[in-house]
Amino acid sequence: MASAPTPDLLRPHAEDLYAEELAALKAADDRPKPPNWQLSPWAVVTYLLGGQLDNGFEVEPKYIGQRRLMEIAVATLATDRALLLLGVPGTAKSWVSEHLTAAISGHTNLLVQGTAGTAEDSLRYSWNYARLLAEGPSLGALVPSPLYKGMETGQLVRIEELTRIPSDVQDTLLTMLSEKVLPIPELSTEIQATQGFNVIATANDRDRGVNELSSALRRRFNAVVLPLPATLAEEVHIVQTRVAKQGKALQLPVEAPALEQISRLVTIFRELRAGVTDNGKTKLKSPSGTLSTGEAISVMNSGLALAAYFGDGTLRAHDLAAGLMGAVIKDPGPDRVVWLEYLETVVKERDGWKDLYRSCREVVE
């Protein structure tokens, strides 16, 4: 059960931070629920996208984007297929995964973080070697993985960065996802999944050195691609909302950034991503980084910190400049050329952007 978030936590779990909303939705939810779900599929989508309940209670949107994508994701989790959230870095894959799990299972603590060093026992189980030596193989000596616990209790399990996990370790999931069984050969037994068990995995296709999923494993997942925001206004709204939330959590002694500053930052990211200016008149070179919405939020937070602790509390162009350069220039050689060219051909010539041009030139030189 979710508890009230501790005031000094930097980032409370979703089920704690939004406990009031989840409780209000549960009280108002009279629609059918799949086995072991805390909320109905309708209520889960309402929690994610926001809306007003019949009693007037306002649910804050957690994801701003296409409703149909969230409906497909939620419907997938109500079947026997696992859910794979795909997209470039910064498209809210982990954010959506966490909130889906909070709304469906009521907690988000069954998590596997995928890395190149993730071993098979992270997906299956490991052993308490002191008890193993003392007692021999037994359930008491077994240390269950998050997937083991999810199968046993009928809960959702999150796997972050699935394609970072080595391919041979990924295939450990095949039996769990197809047969809904986790064999324990050392004890001549198995764990059979309880109703409600499923997996939400995230992955991106922009990083180098990822491990492709086998065709057999891909068939066990329904993939939902989370796109970058479709319009400038939508992306500005996302950045503005998330920056305001994080500013409160970080307790930055600074006023909210002007919409103009957020709009300039998002415009730069969108133009460099697309390789063309917003009006379509000037073609641009794109840098090697993704320049995602998530990075725009980080750049804005960095600028707010500079304004709060080394400025007058008002976000200005020179507070954004350093973060902007760090976001654009990932590969110092070619990316620096791209950034300088953009400054000279676009930023310098744009009305009302002279302050940003001067600040960016000072930082880059």
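The values are calculated or read from the model by the stated rules, or taken from the named source; none is laboratory data. Treat the numbers as computed from the prediction; the structure is a model and nothing was measured. In this analysis, Cβ positions are derived from the backbone assuming ideal geometry, glycine residues included, and neighbour counts consider all displayed protein chains. When the accessible area is computed, the model is the full protein with side chains, heavy atoms only, and any ligands, DNA or RNA have been set aside. Shrake-Rupley method; radii C 1.70, N 1.55, O 1.52, S 1.80 Å.
Tabulated data
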quantity	calculated
Scope the range 18-38; condition in a loop (DSSP other than H, G, I, E, B), open to solvent by less than 60 Å² (accessible area, probe 1.4 Å) and touching a residue at least 40 places away in the same chain (Cβ under 8 Å); matching residues	Y18, P34, W37
Filtered residue count, the range 39-70, keeping only those that are part of a loop (DSSP other than H, G, I, E, B), open to solvent by 80 Å² or more (accessible area, probe 1.4 Å) and modelled with pLDDT of 95 or more	0
Single condition P137 does not satisfy, out of (1) assigned to a loop (DSSP other than H, G, I, E, B); (2) open to solvent by less than 40 Å² (accessible area, probe 1.4 Å)	(2)
Hey, V169 in a strand (DSSP E or B) and either within 17 Å of A82 (Cα to Cα) or open to solvent by less than 50 Å² (accessible area, probe 1.4 Å) (or both) or not	no
Residue match in the range 297-320 (condition: among the hydroxyl-bearing types (S, T, Y), closer than 19 Å to T231 by Cβ and surrounded by fewer than 18 Cβ atoms within 10 Å (Cβ to Cβ))	no
Neighbours by Cβ (under 9 Å, 6+ apart or cross-chain): first from the range 345-359, farther than 14 Å from T267 by Cβ and open to solvent by 20 Å² or more (accessible area, probe 1.4 Å); second of a type outside the set (V, I, T) and part of a loop (DSSP other than H, G, I, E, B)	T345/L284; K354/K348; D355/R316
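Conditions tested, residue by residue: (1) within 19 Å of the chain's Cα centre (by Cα); (2) within 30 Å of E60 (Cβ to Cβ).
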{"position": "L232", "(1), (2)": "no, yes"}
{"position": "Q251", "(1), (2)": "no, yes"}
{"position": "R273", "(1), (2)": "no, yes"}
{"position": "V276", "(1), (2)": "no, no"}
{"position": "V299", "(1), (2)": "yes, yes"}
{"position": "G323", "(1), (2)": "no, yes"}
{"position": "P332", "(1), (2)": "no, no"}
